[in-house]
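Coordinate-derived values only; no laboratory data. Everything numeric here is computed off the predicted structure, so don't read it as measured data. As a convention, Cβ positions derive from the backbone with ideal geometry for all residues, glycine included, and neighbour counts pool all protein chains shown.
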């Protein structure tokens, strides 16, 4: 699955030059990105993302509540949802900003996008004790003092990304439903549709916003610029299996009229060492008491129960 894209199209729509990279072919998958983009090379740069989150964290009493401006109301106009060939991206325009939570300033919200697995595997980018959630949402924000993304990428704290783990349940998620019902309109690369704005706070773990982890890292796609202040919320949101399936089975990395339709799945980068970086836990974080779901399909749970029962009979 080869993706031809602008340098930063997946994350923020910034276009500088066009390169090829992919997720599942050896010559252009995440392990080969360093050959195409030197700043993605794990031996040349050490502050890469994503990482694994474990109990080796430092409690920070300066990591308190966030101030979210405009997240609790529906913004005027229309938002744009598009398939850029390696994710589904929702451009939210203006009117939204993030501050507080230990961030070094005010950040304007630009867009959000998703990373997911396959119909049979999980696909969050960050892992929790080595386990992946079914999906991960990134809300991308740019420091308000920068005139554009190009400048922001030269600042180690130029971008602030709010990472939200997504787990599964039987019930649909109402706010995610605004996106899910439009996914068929952006099934193929290059397709775009409009979405009526909704309160974005509904896509966040509203009752647990003060429980999160913090570290400094990079973009998880080329050019892998080390310009991101990462926030990972400890408690996931939950969407239904059918809503998740619309992504894992209904989105394509190829254009509609290509002869061979290429499904888009497992669009996540592998985890990287933290090296000398400190990962912080917020004041209210439970330090990984919330674990990722190892499996999310109900039939898998049945298989596990059967195997466990058989083992008890044998032993």
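Things worth noting here:
- Cα-Cα separations in region 22-82 greater than 13 Å, expressed as whole percent: 79 percent
- As a proxy for reagent exposure, 241, 79 were ordered by neighbouring Cβ count within 10 angstrom, fewest first; the result is 241, 79.
- Cα shape, region 15-132, gyration tensor, a/c 1.5 rule: oblate
- Prolate is the label for region 84-187. Its Cα gyration tensor axes, ordered a ≥ b ≥ c, give a/c of at least 1.5 and a/b above b/c.
- Gain upon complete extension [residue 78, residue 20; 0.36 nm per residue less C-alpha separation]: 17.8 nm
- Euclidean distance between Cα centres, region 188-222 to region 233-282, Å: 12 Å
- Counting other Cβ atoms within 10 Å as a rough exposure proxy, the listed residues 235, 228, 89, 106 run 106, 235, 89, 228 from fewest neighbours to most.
- Region 47-314 shape via C-alpha gyration tensor axes, a/c threshold 1.5: oblate
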